[in-house]
Each structure stands twice: as C-alpha cells, then as structure tokens.
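Down below is the structure, laid out as structure tokens.
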Amino acid sequence: MYQWMQKLQYWMMGRNGTDQLAIACMIAGLVLSVVAQLFFWPLIFVSYLLYIWMLFRVFSRNLAARQRENQAFLKVWRPVAGWFSFQRTKFRARKTYKYFKCPHCHLALRAPRGRGKIQVTCQRCHTEFIKRV
Ligand SMILES: [Zn+2]
C-alpha cells in the first residue's frame with residue numbers, strides 16, 4: 001500500500017497536480033454530463049474534453065504555463081466566488097441587518113434593522129441619505 005503511494009508520489013514529482021482550475025474542470029464536467037443527459041446529449045463530448053484537459057493539466061510538466069492558466073482562472077473566479085459569499089452573508093444576517101446600496105456610488109452598505117428612518121452617510125463618498133431600516 002505504502003509502496004504504491006510512494007511510487008505514485010515519485011511519478012507525480014515535477015508535475016502540476018490538482019489546482020483550482022483542475023477542480024473547476026472536474027465540477028464543470030460533472031455538471032455538463034448531467035445537463036447533457038437531461039437536455040442535449042452531444043454536450044457529453046464537451047464534458048469529455050474538460051476531463052481530458054483536466055488530466056493533461058494535472059500530469060503536465062510545464063509548470064509555468066499551467067500556473068499562468070490557473071492564475072488567469074482565479075482572476076475571473078475570485079470576484080464570482082466573492083459575490084456568492086456576499087449573498088450568503090447577506091442571507092444569514094437578513095434578520096439583523098438591512099443591506100442597501102449608496103444611491104451615489106453604489107457601495108454596499110448595511111444598518112441594523114428596526115430603527116425606523118435613519119440618516120445614512122456613505123463610507124466611501126460621504127453622501128447622506130435617509131433610509132428606512
Ligand atoms: Zn457612496
């Protein structure tokens with residue numbers, strides 16, 4: 001058992017391994033294969049392509065190129081993940097805080113609920129406005 005793992009470890013030396021983009025390819029491939037079965041079967045080939053690309057990247061020895069790809073992916077993914085995590089935070093705090101945007105600069109703001117009409121000063125642009133919370 002351990003010998004087998006050591007051999008695998010040795011074989012993986014100098015290779016890219018799983019990174020965030022590989023995991024994303026895996027998940028996208030799985031989702032696509034479900035979508036393909038439900039709606040449009042030729043999409044299954046796209047999911048195969050994603051798996052092949054994922055395996056190619058995991059076993060690739062061109063680390064510089066693979067890291068560039070992963071960084072480019074993270075640049076797109078981080079804001080998306082941030083948006084989702086903000087929605088979750090908002091949902092969890094929905095009973096204690098009211099969330100709204102500054103009418104001038106659209107910065108996301110929050111105030112404790114149940115205080116009636118309050119005057120809000122935006123942290124970023126210092127616009128003052130009245131909000132019912
Ligand atoms: Zn503002």
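A short reminder: the numbers here are calculations on the coordinates, not readings from a lab. All of these numbers come straight from a predicted model, not from anything done at the bench. In this analysis, Cβ positions are derived from the backbone assuming ideal geometry, glycine residues included, and neighbour counts consider all displayed protein chains.
Looking at Gln67, is it of a type outside the set (Phe, Trp, Tyr), away from the ligand (no atom under 16 Å from the Cβ) and under 13 Å from the mean Cα position of the chain (by Cα)? Steps first, answer last, please.
Working: of a type outside the set (Phe, Trp, Tyr): yes; away from the ligand (no atom under 16 Å from the Cβ): yes; under 13 Å from the mean Cα position of the chain (by Cα): no.
It is false that Gln67 is of a type outside the set (Phe, Trp, Tyr), away from the ligand (no atom under 16 Å from the Cβ) and under 13 Å from the mean Cα position of the chain (by Cα).
For the range 122-132, state whether one or more residues are closer than 30 Å to Gln20 by Cα and touching a residue at least 12 places away in the same chain (Cβ under 8 Å).
No, the range 122-132 contains no residue that is closer than 30 Å to Gln20 by Cα and touching a residue at least 12 places away in the same chain (Cβ under 8 Å).
Among the residues that make up the range 101-112, is at least one of them away from the ligand (no atom under 16 Å from the Cβ), surrounded by 11 or more Cβ atoms within 10 Å (Cβ to Cβ) and within 26 Å of Gly17 (Cβ to Cβ)?
The first filter runs over the range 101-112 and keeps only residues away from the ligand (no atom under 16 Å from the Cβ), leaving 112.
Still in the list and also surrounded by 11 or more Cβ atoms within 10 Å (Cβ to Cβ): 112.
Next, only the ones that are within 26 Å of Gly17 (Cβ to Cβ) stay: none.
No, the range 101-112 has no match at all.
Which number in (1) in contact with a strand residue (DSSP E or B) (Cβ under 7 Å, 6 or more places away or on another chain); (2) surrounded by 12 or more Cβ atoms within 10 Å (Cβ to Cβ) marks the one condition that Gln71 misses?
Only one criterion is unmet by Gln71, namely (1).
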